[in-house]
Amino acid sequence: MFAIVGAMGQTGSVVSETLLAAGHAVRMIVRRDDAQADVWRKKGAHICIADLDDQQAMVRAFGGAHGAYVMGPPHYLASDMFAQARRTHANLIAAANAAGLPRMVALSSVGAQRRTGWSNCMARAMYRRQMRRPCWAGCLSGQ
């Protein structure tokens, strides 16, 4: 089972489709159960409704998964998009650790290697640095 965050988005849908086509079980983590979710159910995906900022919901969403593909949504309307991104990323990392998730692939973005600037890419650079923290080392190595 692979858990996919942003499963119906541009990259998440490709990851979901590719894994399903290869015969893997896919748990699509989405915001709402709607007609689009029904289309994916018919393709064989499991639909999991969860808020990325709800740690317990994300622990359940990651529970039993062999790996996960995650991305943090842009927080353009937040009063401080970078603070909100840090909270979301920290929550995803903590939930993955709590769920014992053995592997996680996080969507970066063109420009995420930058340490300065004002864009969604800066939020992705922060995500990458947060994932390098010692608390994540066991998950990254598959231990």
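Rule-based calculations on the coordinates, nothing more; no lab input. In this text, all values refer to a predicted model and were calculated from it rather than measured experimentally. Backbone-built Cβ (ideal geometry, glycine too); neighbour counts: all protein chains shown.
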Self-check item: When the convex hull of its Cα atoms is projected in every direction, mean area for the range 1-44 (nm²)
Solution: 2.6
Quiz item: Between Rg and the Kirkwood Rh of the range 30-112, both from Cα atoms, what is the Rg to Rh ratio?
Solution: 0.99
Exercise. Give the calculated FRET efficiency between Y76 and A25 to the nearest 0.05, with a Förster radius of 35 Å applied to their Cβ-Cβ distance.
Key: 0.60
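Any chance you could run the full-extension gain for D38 through R87? It's 0.36 nm times the residue separation minus the Cα-Cα distance, nm to one decimal.
Details: separation 49, 0.36 × 49 = 17.64 nm, distance 3.04 nm.
My answer for the length gained is 14.6 nm.
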